[in-house]
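The values are calculated or read from the model by the stated rules, or taken from the named source; none is laboratory data. Just so you know, these numbers come straight off a predicted model, no measurement behind them. Heads up, the Cβs are rebuilt from the backbone with ideal geometry, glycines too, and the neighbour counts pull from every protein chain shown. For accessibility, only protein heavy atoms count, side chains too; no ligands or nucleic acids. Shrake-Rupley method; radii C 1.70, N 1.55, O 1.52, S 1.80 Å.
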Amino acid sequence: MLKSIVLIAIGTSAGVIVGNAVAAFITLLQIIPRLIQNSDTLLYIKWYERTLILSMTLFSLAYFTNFSLKLPIYFTVILGIFFGAFIGIFSSALAEVLNVIPVLTKKLELEDYVFYLLIAIGLGKVSGSLMNWLVLVKIK
């Protein structure tokens, strides 16, 4: 019984932390304000908020259930275009935020080690991806 309570507490805490991290990341990238500014739709800000909350809730529910859609290929292509547009916006916003690395290297006086820092980030990404696809996928 105590083990179940501890696991529930850990799972809930992890969910809250990840949710706050996603919200902070979206806030840091200023995705919604940029979309509003570029599309000149300040009057619809409540719709942006509701859409974001609803979509995060629905995707969380879909993730934790065995929900799947049997869609025709043409509809899947249209969804892929919309998801690609979102990923494009997200990655371009992330590229703007990556100016953090030069600022941190200057503040921490690591200008001589920027190359090694970038190599470490790249190797970390590659090793994490390889571990995910070569080890963890086989376990499942």
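How about region 78-106: which of its residues are modelled with pLDDT of 80 or more and either in contact with a His (Cβ under 7 Å, 6 or more places away or on another chain) or of a type in the set (G, A, S) (or both)?
Residues satisfying the conditions are G80, G84, A85.
How many residues does region 68-85 contain that are surrounded by 10 or more Cβ atoms within 10 Å (Cβ to Cβ) and not in a helix (DSSP H, G or I)?
1
If you go through region 5-27 one residue at a time, how many are closer than 18 Å to G88 by Cβ and open to solvent by 80 Å² or more (accessible area, probe 1.4 Å)?
0
I want to confirm something. Restricting to region 37-48 and keeping residues that are loosely packed, with under 11 Cβ neighbours inside 10 Å and not in a loop (DSSP other than H, G, I, E, B), which single residue is modelled with the lowest pLDDT?
Ranking the qualifying residues of region 37-48, first place goes to N38.
Out of the residues in region 49-64 that are at pLDDT 85 or above and of a type in the set (S, T, Y), which is surrounded by the most Cβ atoms within 10 Å (Cβ to Cβ)?
T51
Is it fair to say R34 is among the charged types (D, E, K, R) and open to solvent by 100 Å² or more (accessible area, probe 1.4 Å)?
Answer is no for this residue.
Return yes when E109 is out of contact with any Asp or Glu (no Cβ under 6 Å at 6 or more places or on another chain) and at pLDDT 80 or above and no when it is not.
Against the criterion (out of contact with any Asp or Glu (no Cβ under 6 Å at 6 or more places or on another chain) and at pLDDT 80 or above), E109 qualifies.
Say whether the condition of being touching a helix residue (DSSP H, G or I) at 6+ places or on another chain (Cβ under 7 Å), assigned to a helix (DSSP H, G or I), modelled with pLDDT of 80 or more and more than 26 Å from I32 (Cα to Cα) is met by at least one residue in region 122-132.
Checked region 122-132: no residue is touching a helix residue (DSSP H, G or I) at 6+ places or on another chain (Cβ under 7 Å), assigned to a helix (DSSP H, G or I), modelled with pLDDT of 80 or more and more than 26 Å from I32 (Cα to Cα).
Out of all the residues in region 17-33, is one or more at negative phi, at pLDDT 80 or above and of a type in the set (S, T, Y)?
no
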